[in-house]
Amino acid sequence: MDAYYGDKAQRQHFVRGLFNRTAHHYDRINAIFAMGSGSWYRAQCLRRAGLRPGMRVLDVAIGTGLVAREAVALCGDADAVIGLDLSEAMLAEARRSLSIPLIQGVADALPLADGSVDFVTIGYALRHVGDLTATFREFRRVLRPGGTVLVMEIGRPRRPVTRHLMNAYLGMVVPAVSRLSGGGESGRTLMRYYWETIDRCVEPEVITDAMAAAGLAQVRCDTDYDLFKNYTGRQQAETAN
């Protein structure tokens with residue numbers, strides 16, 4: 001991503017700075033390009049992956065709390081959901097609408113104890129991590145036996161017509177509208193970067209292979225509308241002696 005940072009070592013600094021600058025109007029920008037990734041879709045993905053009351057959840061890259069809000073509603077207990085994000089400004093925005101534990105941290109070095117949660121989710125942010133296998137090892141480490149990982153992502157469309165439409169909409173229209181609607185140049189950069197990370201993201205097989213290599217079982221990828229990817233994996237349950 002030479003247009004944004006010179007090497008991989010600069011990725012974390014760039015991403016943190018970009019989200020810090022755009023956190024205060026991120027929800028408005030998100031509403032512009034939601035396209036099915038709104039609250040009803042996030043809730044559907046969580047339910048489909050098996051989230052239910054009584055579970056303890058870690059929402060990685062919580063952002064302003066869009067996924068965490070649905071997790072709280074499904075669990076019925078705000079204390080059951082923990083939010084983690086690299087950006088302190090995003091955590092501040094999440095704190096405005098959520099009374100849940102919030103932690104600043106990164107996906108590949110989670111500040112949680114082994115086997116401390118039942119469900120780990122990361123929504124539309126896997127493209128921003130530097131090491132997939134290390135990240136999924138951390139997810140597996142903090143999961144209790146039988147726990148679930150859910151990765152919600154937007155992937156490169158397979159159909160040429162869908163990809164051309166998305167390139168025009170997410171690559172050009174949304175960045176321009178984000179800039180004009182109050183996001184300024186940082187808003188435009190955020191949405192342009194958002195699309196380019198989608199378009200240049202690794203293939204789904206690379207992600208599922210990394211999940212399996214990290215020790216997750218029952219790994220699968222489900223696709224909705226040729227665009228939205230839902231990756232799931234399980235921490236193997238303990239077996240009786």
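From the list ILE82, ILE62, exactly one residue is surrounded by 14 or more Cβ atoms within 10 Å (Cβ to Cβ), in a loop (DSSP other than H, G, I, E, B) and at pLDDT 95 or above. Which is it?
On the way: ILE82 fails: in a loop (DSSP other than H, G, I, E, B).
It is ILE62.
All but one of (1) closer than 15 Å to ARG156 by Cβ; (2) surrounded by 14 or more Cβ atoms within 10 Å (Cβ to Cβ); (3) not polar (S, T, N, Q) hold for TYR225; state the number of the condition that does not hold. Result: TYR225 fails condition (2) only. For the range 65-79, a residue qualifies if it is part of a helix (DSSP H, G or I) and surrounded by 23 or more Cβ atoms within 10 Å (Cβ to Cβ), and the qualifying residues are VAL67, ALA68, GLU70, ALA71. Quick one: count up the residues across the range 127-148 that are over 13 Å from ALA210 (Cα atoms), modelled with pLDDT of 95 or more and open to solvent by less than 40 Å² (accessible area, probe 1.4 Å). Residues in the range 127-148 being over 13 Å from ALA210 (Cα atoms), modelled with pLDDT of 95 or more and open to solvent by less than 40 Å² (accessible area, probe 1.4 Å): 4 in total.
Restricting to the range 105-117, name every residue that is closer than 27 Å to HIS13 by Cβ and out of contact with any helix residue (DSSP H, G or I) (no Cβ under 6 Å at 6 or more places or on another chain). Selection gives GLY105, VAL106, ALA109, PRO111. Under 8 Å between Cβ atoms, which residue pairs at least 6 apart in sequence (or on different chains) link something in the range 1-15 that is within 18 Å of VAL106 (Cβ to Cβ) and without any contact (Cβ under 8 Å) to a residue 40 or more places away in the chain with a partner that is part of a helix (DSSP H, G or I) and open to solvent by 60 Å² or more (accessible area, probe 1.4 Å)? Every condition considered, the pairs that remain are TYR5/HIS13.
Show me the helices (runs of 4 or more DSSP H) found entirely inside the range 147-221 where at least 1 residues are among the polar types (S, T, N, Q) and under 18 Å from the mean Cα position of the chain (by Cα).
On the way: elements: 160-168, 174-178, 184-199, 204-213.
In the range 147-221, 184-199, 204-213 are the helices (runs of 4 or more DSSP H) which contain 1 or more residues that are among the polar types (S, T, N, Q) and under 18 Å from the mean Cα position of the chain (by Cα).
The values are calculated or read from the model by the stated rules, or taken from the named source; none is laboratory data. Everything numeric in this text was worked out from a predicted model, so none of it was measured. So basically every Cβ, Gly included, is an ideal-geometry build from the backbone, and we count neighbours across all protein chains shown. When the accessible area is computed, the model is the full protein with side chains, heavy atoms only, and any ligands, DNA or RNA have been set aside. Shrake-Rupley method; radii C 1.70, N 1.55, O 1.52, S 1.80 Å.
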